[in-house]
Amino acid sequence: MGFAEALGVRPGVTSVIGSGGKTSLIAALARELPGTVVLTTTTHILPFPDVPLVTSADADDVRAALAESRVVCVGSQAEKNGKLVTPELGIDALASLADYVLVEADGARRLPLKAHAPWEPVIPACSGRTILVLGASGLGHPVHEKVHRPELFCELTGCTPDDPATPELVARVADVEALADVALVNQADVAPDTARDLAALLAILAFAGSVRVGTIHAAS
């Protein structure tokens, strides 16, 4: 079973949120999905290696790129860091041009776990599926070391910044926030037992797996 099938990705717009492997998951989904795929963001992303990039706001330019390559990345060029921001063309317009649109709709400062501020994530209204990614490599480590927005995490759980980010605490945050339809506890190759524990504790359909290794399993 591949990631796209397990996580229920359908034609249209799918948003990927959370931490600990969003970009890697989006790239894996793009490889698996049939038909044309647009990769984009509502926050900030780096261009995907070996994927054609379109920064134009002209739908014809996106259409032409998809005629040449099954997968393209679309975004507006940021002023610094080489990152892309939300495309001027709009997510709705992109959905009319490609079979699938995969949106990175969250940021985590490269940390494996996070709690969400009130303005996060930035999920498009047209999104038909939202996937939450959680990084198992952060489990068992102090909250202040591995969690983006640790103060919010502690507020939601009653823990301190020095407490370990246990599966129980991480699941509590995810369940209270209730932002997604399905979850992937990624990096299970690093911490297989705690990854499975976290997946089993989540209130939504959840899987433990590793995008790097290419494995995904339903929570038992």
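At a probe radius of 1.4 angstrom, the accessible area of the stretch 1-99 per residue rounds to 45 square angstrom.
Partners of Lys80 within straight-line reach, counting aspartates and glutamates whose Cα lies under 20 Å from its Cα and excluding those fewer than 8 residues away in the same chain: Glu88, Glu104, Asp106.
The trypsin sites (Lys or Arg not before Pro) of the stretch 39-140 that meet both conditions, a loop assignment by DSSP and at most 10 other Cβ atoms within 10 Å of the site Cβ, are Lys80, Arg109, Arg110. Only protein atoms count toward the accessible area here, which uses a 1.4 Å probe; on the chain, the carbon and sulfur part of that area reaches 51 percent. For the chain, the longest principal axis of the C-alpha atoms and the axis of helix 22-32 are separated by about 50°. Restricting the calculation to Cα atoms, the chain shows an Rg/Rh of 0.98 when the hydrodynamic-style radius is the Kirkwood one. Looking at the stretch 86-166, the GluC sites (Glu not before Pro) that sit in a DSSP loop and have at most 14 other Cβ atoms within 10 Å of their own Cβ are Glu88. The label-point distance for Val51 and Arg110, in a model that sets each label 7 Å from Cα toward Cβ, rounds to 1.9 nm. With runs of 4+ DSSP H residues as the only contributors, calculate the mean residue ellipticity of the chain at 222 nm using -39,500 (n - 2.57) per run, divided by the residue total and rounded to the nearest 500. Value at 222 nm, helices only: -7500 deg cm²/dmol.
Is the C-alpha gyration tensor of the stretch 137-191 telling us rounded, prolate or oblate? Criteria: a/c under 1.5 is rounded; beyond that, a/b larger than b/c is prolate, otherwise oblate. Because a/c hits 1.5 or more and a/b fails to exceed b/c, the stretch 137-191 counts as oblate. Principal-axis analysis of the Cα atoms of the chain puts helix 192-201 at an angle of about 90° to the longest axis.
The values are calculated or read from the model by the stated rules, or taken from the named source; none is laboratory data. Since we're looking at a predicted model, the values are computed, not measured. Cβ sites come from the backbone with ideal geometry, for glycine too, and all protein chains shown count toward neighbours. Heavy atoms of the whole protein, side chains included, go into the accessibility calculation; ligands, DNA and RNA do not. Shrake-Rupley method; radii C 1.70, N 1.55, O 1.52, S 1.80 Å.
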